[in-house]
Amino acid sequence: MIYIDHAATSPPLQCAKVAFNAASTAVWGNPNSLHSFGQSSRNALEASREAVAQCLKCNSDQVFFVSSATEACRIALTAMDEACRVFRVSGVEHSAVSSIAERVLYGRRNSKLNGRTFLHTNNETGEIYDLRSAFSGYDLTFSDCTAAMGKQKINFRESGI
């Protein structure tokens with residue numbers, strides 16, 4: 001059998017396992033709590049947010065942690081649906097985007113914004129799409145960058161999108 005989607009279900013690297021185990025035993029408090037356990041967790045969470053922002057070349061206040069890429073796509077598409085008169089979905093989207101888009105494509109008729117979603121990198125083929133061209137002329141854009149994270153440089157500051 002040939003398995004093509006290794007990126008989606010690959011086992012974690014040993015260094016990731018070590019980091020997870022260290023973090024989960026050292027900082028286990030609720031990061032919203034005021035006690036020292038919570039504040040330790042809050043500090044670790046904010047340090048993680050800064051690290052991800054550095055990887056993506058974006059501001060740390062633009063990094064949100066959610067339970068899955070599918071949840072992140074749902075949040076983004078719901079926000080686009082609320083903000084845009086209409087938004088277009090590319091034909092190459094991962095099912096996490098296309099299935100959600102089918103349910104939310106209603107748009108706000110009083111808005112003047114036009115939105116567009118376009119996949120950054122295909123998780124099965126590895127094809128990298130030209131987002132600058134795909135997003136040209138649109139007011140609000142979204143790209144599922146899940147397959148690119150950790151495998152390609154992503155620089156939101158210099159991308160022009």
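The values are calculated or read from the model by the stated rules, or taken from the named source; none is laboratory data. None of the values given here were measured: they were computed from a predicted structure. We place every Cβ from the backbone using ideal geometry, glycine too, and count neighbours over all the protein chains shown.
A few comments on the model shown:
- Which listed residue, of 38, 29, is part of a loop (DSSP other than H, G, I, E, B), over 25 Å from residue 154 (Cβ atoms), small (Gly, Ala, Ser) and modelled with pLDDT of 90 or more: 29
- Residue satisfying all of: in region 53-66; assigned to a helix (DSSP H, G or I) and in contact (Cβ under 8 Å) with a residue 12 or more places away in the chain; surrounded by the most Cβ atoms within 10 Å (Cβ to Cβ) among these: 56
- Hits in region 125-152 (condition: exposed (fewer than 13 other Cβ atoms within 10 Å of the Cβ) and touching a helix residue (DSSP H, G or I) at 6+ places or on another chain (Cβ under 9 Å)): 150, 151
- Across region 67-93, the qualifying residues are those that are β-branched (Val, Ile, Thr) and at pLDDT below 85, and the one among them that is surrounded by the fewest Cβ atoms within 10 Å (Cβ to Cβ) is 92.
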